[in-house]
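Please read the structure below before turning to the comments.
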Amino acid sequence: MFLENTVNQQEQFGWIEVICGSMFSGKTEELIRRLKRAKFAKQKVEIFKPQIDTRYDDMEVVSHDDNHIRSTPVPAAANIRLLADGCDVIGIDEAQFFDQEIITVCNYLANQGIRVIVAGLDMDFKGNPFGPMPYLMATAEYVTKVHAVCTRTGNLAQYSFRKSTKDELVLLGETDTYEPLSRAAFFKALKEDKVKEIEVKDAEEVQPDMKKNA
């Protein structure tokens with residue numbers, strides 16, 4: 001269980017918390033839980049998300065379970081630093097979509113005595129570290145890795161497998177686009193995709209040869 005840092009009244013300080021994991025693992029749900037507790041304690045809280053994330057709502061951070069909290073969409077990480085003045089707690093959702101400046105911004109805010117809570121995907125759909133997330137995890141005081149349930153094996157899932165054939169890194173989507181998979185299921189799915197790709201290429205090469213011989 002995560003426990004908030006003990007506040008030393010003699011020395012005001014901040015820290016960084018990172019909540020990471022795959023799609024459908026409850027990252028945003030946990031972020032919202034922590035932020036609502038801070039609000040209940042009458043702390044000044046501000047929540048930010050990347051402007052490109054409009055899946056559920058333009059202005060709110062919304063979990064897959066339809067839990068939500070008011071947020072401010074920003075086009076770049078630098079905007080967060082400008083809007084965080086006077087806050088006790090800063091929440092940032094979908095941090096993997098921000099530019100690398102988000103690392104400097106989070107550390108700056110923490111050094112100013114602000115509690116910074118960041119949620120995001122730690123790996124992209126290819127299983128590689130995603131954007132600024134590894135750097136945020138390295139500089140954070142607390143890292144919580146949450147897991148989904150693999151849709152194929154029922155085991156713990158830490159990979160976000162993209163069912164779509166689109167290859168761009170940033171592709172917003174839900175259960176029709178992604179599914180959470182365990183390590184074994186993820187690499188099995190990758191192998192199956194490679195076999196399909198080879199079969200398609202072989203079929204395309206055979207068709208021109210057949211036309212020439214006709």
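Among the listed pairs LYS49/LYS196; LYS145/LYS196; LYS49/LYS126, a Cα-Cα separation exceeding 27 Å is found for LYS49/LYS196; LYS145/LYS196. Placing a label point 7 Å from the Cα of GLU192 along the Cα-to-Cβ direction, the residues of segment 129-155 whose backbone N falls under 15 Å of that point are 150-155.
Values quoted throughout were computed directly from the atomic coordinates according to the rules given, and no laboratory measurement underlies them. Here the structure is a predicted model, which means the values were calculated and not measured. Glycine also receives a Cβ, built like all others from the backbone with ideal geometry; neighbour counts cover every protein chain displayed.
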